[in-house]
Structure formats: C-alpha cells, structure tokens
1. Taking only DSSP H segments of four or more residues, each worth -39500 (n - 2.57), what value at 222 nm results for the chain once the sum is divided by all its residues, to the nearest 500 deg cm²/dmol?
2. So what are the ³J(HN,Hα) numbers for segment 67-82, from phi and the Karplus equation (6.51, -1.76, 1.60; θ = phi - 60°), rounded to whole Hz, Gly and Pro as x?
3. Using the number of other C-beta atoms within 10 angstrom as an exposure proxy, rank T34, T63, T11 with the fewest first.
4. Under the definition of Cα pairs under 8 Å and six or more residues apart, what whole-number percent is the relative contact order of the chain?
5. In segment 1-99, which GluC sites (Glu not before Pro) fall in coil by DSSP and have 10 or fewer other Cβ atoms within 10 Å?
6. Check each of the trypsin sites (Lys or Arg not before Pro) in segment 33-70 and keep only those in coil by DSSP with at most 12 other C-beta atoms within 10 angstrom; list them in order.
7. Measuring from centroid to centroid over Cα atoms, what is the spacing of segment 80-103 and segment 4-35 in Å?
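Throughout, read-outs are computed from the coordinates displayed, never taken from laboratory work. Model, not experiment: these values are computed from the prediction. FYI the Cβ positions are ideal-geometry reconstructions off the backbone, even for glycines, and counts take in every protein chain you see.
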Amino acid sequence: MREEDYPIAITLAAARVASIPAGRRSAELMTHGTMRLLYYAPRDVDRQKPHDQDELYVVASGTGTFLCGARRAGFVPGDVLFAPAGVVHRFETFSEDFAVWVIFYGPKGGEGTLT
C-alpha cells in the first residue's frame, strides 16, 4: 500500500457517523497489518463474543462497567481497557452516550499467556 493510500487520522466526529456494515456491530475505520481500528457504540446491551485477537478499548464517551473474565472495572472517558484474545468480556451498566475506540492487534490467539 502506498503511503498516501491509508488514513493517518480519524476524527471522533467521523467515527460517530461511519456506516456499520449489515451483520456487524461496529464500523471499521483503519487497518494496518494485524491492527484494526473500529468504533463501537452499543445501545442498551453489549452482545459481543470473545474475539480471536487481543484488543484495547479507549473510552471516547460515557461511563459504565467493563467485565473481563471474572473481573470488573468502572470506566470514564479517556480510560483504556484490555481484553485478551478468547476471554469473555462485555460492557455493563453503561450510559446512553457510551462509545469506544476498539483496537484489535496481534496474531490470532493473542500475543501470549497472562501470568
């Protein structure tokens, strides 16, 4: 891919109006190698399933609770959350304005085992 063919910046305003393909829950905004950047703003209930790559969430707006495995963490805008590949995770009790940037990266199965 030529340097001028990939985006180097995505605004929050653009992410909020990006189209979500049929059958998907988020808009994919950028890719490079194994990295994928998405924008995810579930309404009412988060129905996601474990993913085959590690992922980071950067909270763009809203508040709530993040469940990852058997642990929970509260979050506010600007916080970063991590979900290892294959681990059950979801957002719970989140506000109506909740949205996150999602960054998937690394090989299928994740970067490594947590110890």
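1. Values: 1 runs with 6 residues, N = 115.
When only DSSP H runs of four or more count, the value is -1000 deg cm²/dmol.
2. My calculation for segment 67-82 gives 9, 9, x, 9, 10, 10, 9, x, 8, 9, x, x, 6, 10, 10, 10 Hz in order.
3. Numbers: T34 12, T63 15, T11 9.
With the sparsest Cβ surroundings first, the list reads T11, T34, T63.
4. 29 percent
5. E96
6. Values: sites: R36, R43, R47; in loops: R43, R47.
In loop regions of segment 33-70 (DSSP not H, G, I, E or B), the sparsely surrounded trypsin sites (Lys or Arg not before Pro) are R43, R47.
7. Centre-to-centre (Cα) distance: 17 Å.
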